[in-house]
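For reference, the structure discussed in these notes is given below.
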Amino acid sequence: MNNDTASAPSAPATPSTSPLPSGRSDLVVVGAGIVGLAHAFEAVRRGLSVTVIERDRRPVGASVRNFGHCCITAQRGDLLDLALRSRSGWLDAAKSAGMWAPEAGALVVARSTTELAVLEELREERGADAVRLRTRDEVGDALGRAPEARDDLVGGALLPADLRVNPREAAPRLADWLARQPGVTFAWGTNVLGAESGTVHTSRGPVHGDRILLCVGHDLDRLYPAEAEAHGIERCRLSMARVTAPAAFRTDSAVLTATSMLRYDGFTAMPSADRLRSEVTSHSPELLDVVANVMFTRLPDGTVLVGDSHAYDTTEIPFQDEATTGLLLREAARVLGTPTVEVTERWQGVYASSPRGPLLVREVAPGVRALSVTSGIGMTLSFGLAAATFDGSLAETAGTRED
């Protein structure tokens, strides 16, 4: 893999669009987000021809608006198995496409004995290799805090299996690499109007394929509204920002906090998780009010991605609440041990969410499968889902539609 530092995040050049293939592809992928691209990558590895159809001229959705954190260890059950499989796929793709993808892990910061208890319990379940407990000073060193500014730290844990990628570059680089492979065609700036067995109907004409995958996330309701409604798909709206890093903060590990432990099943299944929720409710109810996951990740250029909040609706509003953003930034600054952080960018992330489960997998027509990650772990699961799709182990998961 390529671990060279990247330049400051910027919009990639608009990719060229090849003519629509006149023949039939082995696979047609609708959607050039990371889930769709991971399936295209897996198809290429298996010697298949692929056409990727994307309405935009470059990846601009959830795949570029996130932390660039492949959150492996915090998953549980079948999702943990998929995440571990995805980890291998990410490393293979990084090596092929020249993506920045350090095996930097995730650092979970504990600022109370209850938070540390959750991490100790996870260590007991997963083992010392998967969950490596850290002392207060080890956490302080990783955060770049001065020795005299560590009184609020109790300890923490390193989750070494977690990966980091640069979300601004990962999907565009992978798309660029795929476009240069024999048998791969990209149709950028092409709207999909519908799909049936063997054919995708687009704004530039029909595209034919033996197998069709609809990897369009929350926009499944634009193509198959009944299927999206049956699974309860909503749009989750996030508030995120990029900030200038404190000079001493240099770790490439993702940094998670107590609110992160309240979101991921690997943590919430621990015996002390309920006590942790009560504790956070007592001292920081405002964080729970905005469904916060206070975490941050360092980009190769040294800047830091900070977030995030969560709000749910079938149609997202375009407005960001400054009070919510300010709350997240203040909390991140506390973890970093700095009075304030300097914001260089703000944006709104959007991804598919459902209270009925983290995945929608459904055959909507013979040879046409809809696949959406309906939680915030699309980056984490993408390559594992692709491998499971091709080996036939990914079963349908969508709810039953009420006619």
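Below are the figures for this structure:
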| item | result |
| --- | --- |
| Hits in the range 199-219 (condition: outside any strand (DSSP E or B), open to solvent by less than 40 Å² (accessible area, probe 1.4 Å) and either small (G, A, S) or within 17 Å of W188 (Cβ to Cβ) (or both)) | C215, V216, G217, D219 |
| Output for the range 154-189, where each listed residue is of a type in the set (V, I, T), over 19 Å from the mean Cα position of the chain (by Cα) and either in a strand (DSSP E or B) or crowded, with 23+ Cβ neighbours inside 10 Å (or both) | V184, T185 |
| Breaking point among (1) charged (D, E, K, R); (2) closer than 30 Å to S284 by Cα; (3) surrounded by fewer than 16 Cβ atoms within 10 Å (Cβ to Cβ); (4) in contact (Cβ under 8 Å) with a residue 40 or more places away in the chain, for R111 | (3) |
| Per-region count, the range 34-57, residues surrounded by 24 or more Cβ atoms within 10 Å (Cβ to Cβ) and part of a loop (DSSP other than H, G, I, E, B) | 1 |
| Subset of the range 334-363 that is open to solvent by 20 Å² or more (accessible area, probe 1.4 Å) and under 17 Å from G68 (Cα atoms) - its residue that is nearest to the chain's Cα centre (by Cα) | Y351 |
| Given (1) basic (K, R); (2) without any contact (Cβ under 8 Å) to a residue 40 or more places away in the chain; (3) closer than 30 Å to V30 by Cα, number of the condition R132 does not satisfy | (3) |
| Any chance A146 is of a type in the set (G, A, S), surrounded by 17 or more Cβ atoms within 10 Å (Cβ to Cβ) and either within 19 Å of A254 (Cβ to Cβ) or touching a residue at least 12 places away in the same chain (Cβ under 8 Å) (or both) | no |
| Residue list for the range 76-90, filter: open to solvent by 10 Å² or more (accessible area, probe 1.4 Å), in contact (Cβ under 8 Å) with a residue 40 or more places away in the chain and within 12 Å of G384 (Cβ to Cβ) | L79, L80, D81, L82, L84, R85, R87, S88 |
| Residue match in the range 130-147 (condition: assigned to a loop (DSSP other than H, G, I, E, B), under 23 Å from the mean Cα position of the chain (by Cα) and among the charged types (D, E, K, R)) | no |
| Sole exception among (1) in a loop (DSSP other than H, G, I, E, B); (2) surrounded by 17 or more Cβ atoms within 10 Å (Cβ to Cβ); (3) of a type in the set (D, E) for E331, by number | (1) |
| Condition met for G349 (part of a loop (DSSP other than H, G, I, E, B) and modelled with pLDDT under 95) | no |
| Given (1) farther than 18 Å from E115 by Cα; (2) part of a helix (DSSP H, G or I); (3) in contact (Cβ under 8 Å) with a residue 40 or more places away in the chain, index of the condition T338 fails | (2) |
| Given (1) open to solvent by 60 Å² or more (accessible area, probe 1.4 Å); (2) hydroxyl-bearing (S, T, Y); (3) part of a loop (DSSP other than H, G, I, E, B), index of the condition S375 fails | (1) |
| Helices (runs of 4 or more DSSP H) wholly inside the range 233-304 containing at least 1 residues that are without any contact (Cβ under 8 Å) to a residue 24 or more places away in the chain and open to solvent by 10 Å² or more (accessible area, probe 1.4 Å) | 265-268, 273-283, 285-289 |
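The values are calculated or read from the model by the stated rules, or taken from the named source; none is laboratory data. Values in this document were obtained by computation on a predicted structure and should not be read as measured data. As a convention, Cβ positions derive from the backbone with ideal geometry for all residues, glycine included, and neighbour counts pool all protein chains shown. SASA here: full protein model, heavy atoms, side chains in, ligands and nucleic acids out. Shrake-Rupley method; radii C 1.70, N 1.55, O 1.52, S 1.80 Å.
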